[in-house]
Amino acid sequence: MDTQNKLPDGFEKPTSLPTDHDAQKRWQDQNRTWWEKNPMRYDWNEEIGGAEREREFFLEIDRRHFSDAARYSPPRSKPFDELIPYDNLKEADVLEIGVGNGSHAQLIAPHCRSYTGIDLTEYAITSTRRRFQLWDLKGDIRRMDAENLEFPDASFDFIWTWGVIHHSANTEKILSEMNRVLRPGGKAVVMVYHRSFLYYYIFNGFFRGVLAGGFLKTPSLHRLVQLSTDGAIARFYSIEEWKKLVSPYFKVTKTQIKGQKSEILPLPPGRVKNAITKIVPDSLARLVVNTCKQGSFLITHLEKI
C-alpha cells in the first residue's frame, strides 16, 4: 500500500472539507488515483495469491475480511448481520456506495428486491462485475462518483456504505446526495473513521509519533496519521462532529463504535503482533474497542429527514 502520498493542499485537519469547486475536483482526482493503484484487497501484510478475479481470489479476500469482522461484530448466521438488516430488504431497492471487490455486494444482493453498487474506480467495478458473473448474482454495478449520484430523486429504500465516504473529497456532499436519492422513510448504515483517544492519540501520537520517531518526519499528528492509513484522504470524526455533519440530512437512530482487534495492541504490524493478537481473547478486544468506544469505526444508523 502506497502510504507516501502527498496530502491534498488544504487538507489540514482530520475533518477538513474543500473550500471551493476547484479544490474539490483536485482532491477527488487524487482520491481516485490512489484507490486505482491501491484497491481494497486486504493484502497489506500478505499477497492474496492465485489468479486475480477468479473464485479463489474472491474467497480469500472474503475470508480475511469476514474473519476479522467476526471479532468485533460476531455474526449470528452470516457476516455483518448485526448491521445489515437482511430480513428487511426483501422489498427494498438497495444502493451500496463503494463496492471495492464486492464482498458486501455478494452478501446483500440475494436478499433485496434490487441491488445497485457504485464505486469511484474502474478497478472496483470490473472486479465486482466479475464476482457477480462467477456467482450468477443479479445487480447493477456502475462506476460513479457518490458526490454526484446519477439517479432520480427517491430511487432507493436503503443505502449501505462501509468505510468509504470519509475518503471522498466532500463527505457532506455525499450525505446530501444520499438524502436526495432515498425515499421517504429511507434508511442508511454508514461507517466512517472514528477519532478515538486510544487509536488516534495514543497509538498514532505516542507510539508512532514519539517512540517510533514519526514526529521526526513530520511534526503534525494529522499528517502522521494520514501517512499511515489508507487513501489520499481519510477523515477521522468524533461522534459529535459526525452527528453535526449528518444532522441536516438524517436522523441518527443508533450509534456504534467498533474496531479491529489489532487496535488494542500498539505494536507495528508483523509476526510478534500477530502472535500476541491471537492469544488475546476476542471478548477483551470488544470490551476495549466497542464497549469503551476506543475503536476506529464509527457506525451510524440513519433515517432520512
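The values are calculated or read from the model by the stated rules, or taken from the named source; none is laboratory data. The shown structure was predicted, so the numbers you read here are calculated from the model rather than taken from an experiment. Neighbour counts run over all protein chains shown; Cβ positions are idealised from the backbone, glycine included. In case anyone asks, the SASA skips ligands and DNA or RNA and just uses the protein heavy atoms, side chains included. Shrake-Rupley method; radii C 1.70, N 1.55, O 1.52, S 1.80 Å.
Things worth noting here:
- Evaluation of Leu265 against (1) within 26 Å of Thr171 (Cα to Cα); (2) open to solvent by less than 40 Å² (accessible area, probe 1.4 Å) (one fails), failing number: (1)
- Restricting attention to the stretch 21-45 and to residues that are aromatic (Phe, Trp, Tyr) and part of a helix (DSSP H, G or I), the residue that is surrounded by the fewest Cβ atoms within 10 Å (Cβ to Cβ) turns out to be Trp34.
- Checked against the criterion of being part of a strand (DSSP E or B) and closer than 30 Å to Phe156 by Cα, the candidates Leu245, Leu298 yield just one match: Leu298.
- Options Ala169, Ala124, Ala154; residue that is of a type in the set (A, V, I, L, M) and open to solvent by 10 Å² or more (accessible area, probe 1.4 Å): Ala154
- Within the stretch 255-295, the set of residues being more than 21 Å from the chain's Cα centre (by Cα), outside any loop (DSSP other than H, G, I, E, B) and either more than 24 Å from Ala212 (Cα to Cα) or not hydroxyl-bearing (Ser, Thr, Tyr) (or both) comprises Arg271, Val272, Lys273, Asn274, Ala275, Ile276, Lys278, Ile279, Asp282, Ser283, Leu284, Leu287.
- Residue within the stretch 219-226 that is surrounded by 21 or more Cβ atoms within 10 Å (Cβ to Cβ) and within 26 Å of Gln294 (Cβ to Cβ) present: yes
- Under the condition of being in contact with a Lys or Arg (Cβ under 9 Å, 6 or more places away or on another chain) and either open to solvent by 30 Å² or more (accessible area, probe 1.4 Å) or of a type in the set (Gly, Ala, Ser) (or both), the residues counted in the stretch 180-192 number 6.
- Among residues of the stretch 46-95, those that are crowded, with 17+ Cβ neighbours inside 10 Å and touching a His at 6+ places or on another chain (Cβ under 6 Å), counted: 1
- Set Pro14, Pro18: member being in contact with a strand residue (DSSP E or B) (Cβ under 7 Å, 6 or more places away or on another chain), farther than 19 Å from Thr121 by Cα, touching a residue at least 40 places away in the same chain (Cβ under 8 Å) and outside any helix (DSSP H, G or I): Pro14
- Residue tally, condition over 21 Å from Arg183 (Cβ atoms) and open to solvent by 40 Å² or more (accessible area, probe 1.4 Å), over the stretch 107-121: 1
- Positions within the stretch 145-162 being aliphatic (A, V, I, L, M) and in a strand (DSSP E or B), in sequence order: Ile159
- Some residue of the stretch 270-283 being touching a residue at least 60 places away in the same chain (Cβ under 8 Å) and surrounded by 14 or more Cβ atoms within 10 Å (Cβ to Cβ): no
- Restricting the first member to the stretch 153-178 and to residues that are of a type in the set (D, E, K, R), and the second to residues that are open to solvent by less than 10 Å² (accessible area, probe 1.4 Å) and part of a helix (DSSP H, G or I), the beta-carbon pairs closer than 6 Å and six or more apart or on different chains are Lys173/Glu147.
- Some residue of the stretch 75-85 being free of Cβ contacts under 8 Å to residues at least 24 places away in the same chain, among the small types (Gly, Ala, Ser) and more than 23 Å from Gly139 (Cβ to Cβ): no
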